[in-house]
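Each value in this text was obtained by applying a stated rule to the coordinates, not by laboratory testing. Because the structure is predicted, anything quoted here is derived from the model rather than measured. Neighbour counts run over all protein chains shown; Cβ positions are idealised from the backbone, glycine included.
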Amino acid sequence: MSVSERGYSVLLSSLHRTSGSPLPPSTLQGLIVNYLARLSPTPTPLAAAIVGSPLFRPFSLAKLDALKTSFRHAVHAKLHVLKETPSSIFLPSPNIQLNGWLTAILRGLDGGHAITRLICCSGLLLGVQDILESLPSKRHDVQGSVQNEIILAFADVIDLFTSSDSWGKDLEDALTLSLITSAQALLLVSPEKFVALPLPQTLTLLVHTINRAFMSGTFLSSFGSSWEYHPEYKVHIKQGSTTFQEIDAVVSSHAMSDMGSLSRLCSRSISLFVDHRPKLALPHVQETFHCLESIARNVEQGWLSSNLAEATDDSIGLLLKTFFDLSIKHFLYSLQPLTHDP
């Protein structure tokens, strides 16, 4: 068995394990990138093994980020392989080969779990976007098939969550992880493809996630019983108190760290929804603003019932600034088309 064959065997063995890979994450990621880019005659079986691997379940941000990064880097590695291959009149152009390779990977992803498939497609689309400048100026059509698949995968994710009868923490967390990990790639999808999504449900899930990230604006509601006098600060929140724990949970949450991408995706959903289906969109846009208004009202009530105007705690100021800058501003911007309707 050659070194290459042995490495591939180790990779497959790791992907099929249910108790975790014996390989360090960086090694596993490197093997995925290498064999996706170089496997001959086709990477389809490997893509199928990856998307179906128990290694990426249960979902976590680290696992999904590693998966997305692997597929993104695989695109770069494939372009490098194509550039290294001697040109020949008997070989298709690099662009045709790249298209064929992407199609083979997408074929392998078919049938995988909706969230895992979405993340793999997100990595591919980000990778393709990275290398566009390296392709001939009139050969940017390689994005088309990947954009189609990411929309199909995202539609399946939306159906997965909207059809669920029971919402628990695990399902809530899975929704948040799938949205924040794919948001950057979904923002690259062309408008004509994006509007094929079920936009009412898309908007509902995004607003739900943003509202949950801010705890519906109630993170200051227990402030009155959580502060104490401290000579160094005018207001000091007791460590371990309810307010301390809630603010810490909000500030350190995955959704808050990616609130920029989430709010931009929500903004884009509203904008395209209003542009393409204005009569259907307006009630949903109104619901979105009612939700934001409710968050703002709850924050205001918590603020007014406390002494926070004198506080020097950066965490609270960061939360309020994030809510305004990364949420409200984006939503207001998305409604600009409404102000120009005749």
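Name the shape class, rounded, prolate or oblate, that the alpha-carbon gyration tensor gives for region 233-293, where a ≥ b ≥ c are the square roots of its eigenvalues, rounded holds for a/c under 1.5, and otherwise prolate holds if a/b is larger than b/c and oblate otherwise.
Working: a/c = 4.32, a/b = 2.65, b/c = 1.63.
It is prolate, given that a/c is not under 1.5 and a/b is the larger ratio.
Specify whether the C-alpha gyration tensor of region 33-136 places it in the rounded, prolate or oblate class, a ≥ b ≥ c being the square roots of the eigenvalues: rounded for a/c under 1.5, otherwise prolate if a/b is larger than b/c and oblate if not.
Working: a/c = 2.41, a/b = 1.81, b/c = 1.33.
Note, shape of region 33-136 comes out prolate.
Take peptides 62-74, 184-196 and line them up by average Cβ neighbours within 10 Å, highest first, as a rough protection proxy. Intermediate results must be reported in sequence, preceding the final value.
Numbers: 62-74: 20.6, 184-196: 16.6.
The most tightly packed comes first, giving 62-74, 184-196.
Does region 113-186 come out rounded, prolate or oblate, given a ≥ b ≥ c as the square roots of the eigenvalues of its C-alpha gyration tensor, rounded meaning a/c under 1.5 and, failing that, prolate meaning a/b above b/c?
On the way: a/c = 4.38, a/b = 2.60, b/c = 1.68.
It comes out prolate by the Cα gyration axes.
Kindly state, to the nearest 0.05, the FRET efficiency for Asp156 paired with Ser222, given R0 = 41 Å and r defined as their beta-carbon distance.
Numbers: r = 39 Å, r/R0 = 0.96.
So, using R0 = 41 Å, E works out to roughly 0.55.
With each pseudo-label sitting 7 Å past Cα toward Cβ, what's the Leu188-Trp167 distance in nm, one decimal?
3.1
For Ser60 and Ser241, calculate 0.36 nm times their separation in residues minus their Cα-Cα distance, and state this gained length in nm to one decimal.
Details: separation 181, 0.36 × 181 = 65.16 nm, distance 2.75 nm.
Between Ser60 and Ser241, full extension yields 62.4 nm more.
Apply the Karplus curve 6.51 cos²θ - 1.76 cosθ + 1.60, θ = phi - 60°, to the phi angles in region 247-260 and return the couplings in whole Hz, x for Gly and Pro.
5, 4, 5, 5, 4, 8, 6, 4, 4, 5, 5, 10, 4, x
Hey, how many Å between the Cα centroid of region 29-85 and the Cα centroid of region 95-119?
Region 29-85 and region 95-119 have Cα centres spaced 10 Å from each other.
Each label point is 7 Å from the Cα along the Cα-to-Cβ direction; what then is the distance between the points at His76 and Ser305, in nm?
5.0
Quick one: if the Förster radius is 25 Å, what FRET efficiency do His16 and Ser257 give, using the C-beta to C-beta distance and rounding to 0.05? Don't jump to the answer; show the numbers that get you there.
Details: r = 32 Å, r/R0 = 1.30.
E between His16 and Ser257, to the nearest 0.05, is 0.15.
Only loop residues by DSSP count here, and only those with at most 11 other Cβ atoms within 10 Å; note down the chymotrypsin sites (Phe, Trp or Tyr not before Pro) in region 142-171 that meet that. Spell out each step's value before the answer.
On the way: sites: Phe154, Phe161, Trp167; in loops: Trp167.
Answer in residue order: Trp167.
Along the Cα→Cβ direction, 7 angstrom out, place labels at Phe90 and Glu287. What is the inter-label distance in nm?
With each label placed 7 Å out from Cα toward Cβ, I get 6.0 nm.
Mind checking the dipole of region 153-227: about its Cα centre, +1 per Lys or Arg Cβ, -1 per Asp or Glu Cβ, Debye to the nearest 20?
Numbers: 3 positive and 7 negative charges, 52 e Å.
Taking the Cα centre of region 153-227 as origin, the dipole is about 240 debye.
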